[in-house]
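Below is a structure I'd like to ask you about.
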Amino acid sequence: MDTTNTFGFDRVVAVLNYLADTALLLAGLLAVVMIIWFGLRMATAKGDPKVFDDAKNHLIKAVIGAMIIFGVYTIINTIGGAAETLTQ
C-alpha cells in the first residue's frame, strides 16, 4: 500500500518557491529597466531642472524598490531553504 501523499508539504513548498522566484525575477527585471530608463531621462534632460528632478526622484524610488526586492528575495530563499530542509 502506497502511503505517500501526492500533494504533500514538499510539493506546496516547491510551488511557492517557484511562484516567488518567478515574481521576484519579473520585479527585478522591471526595476533594472526602470533604473536604466530614468537614468537615461536624467542624462537627456538638456538642462531642464523639472525633467531632471522628476527623473532623479523616480530613479531613487526605483533603486529603493530594487533593494526591497533583493531583501525579499533573500528572506524568501532563507525561509524556503529551511522549509525544504524540513521536508527531507
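The values are calculated or read from the model by the stated rules, or taken from the named source; none is laboratory data. What you see is a predicted model, and the numbers here were worked out from it, not measured in a lab. Cβ atoms come from the backbone with ideal geometry, glycine included; neighbour counts cover every protein chain shown.
Counting just the residues of the range 1-28 that are loosely packed, with under 14 Cβ neighbours inside 10 Å and modelled with pLDDT of 85 or more, which one comes out farthest from Gly65 (Cα to Cα)?
For the range 1-28, the residue satisfying everything is Tyr18.
Got a sec? Which of Lys56, Lys46 is loosely packed, with under 11 Cβ neighbours inside 10 Å, more than 18 Å from the chain's Cα centre (by Cα) and modelled with pLDDT of 85 or more? Lay out the reasoning, then the answer.
Values: Lys56 fails: loosely packed, with under 11 Cβ neighbours inside 10 Å.
After applying the criteria, what remains is Lys46.
Of the conditions (1) without any contact (Cβ under 8 Å) to a residue 40 or more places away in the chain; (2) closer than 30 Å to Arg11 by Cα; (3) in contact with a helix residue (DSSP H, G or I) (Cβ under 8 Å, 6 or more places away or on another chain), Met67 fails just one. Which one is it?
Failing condition for Met67: (3).
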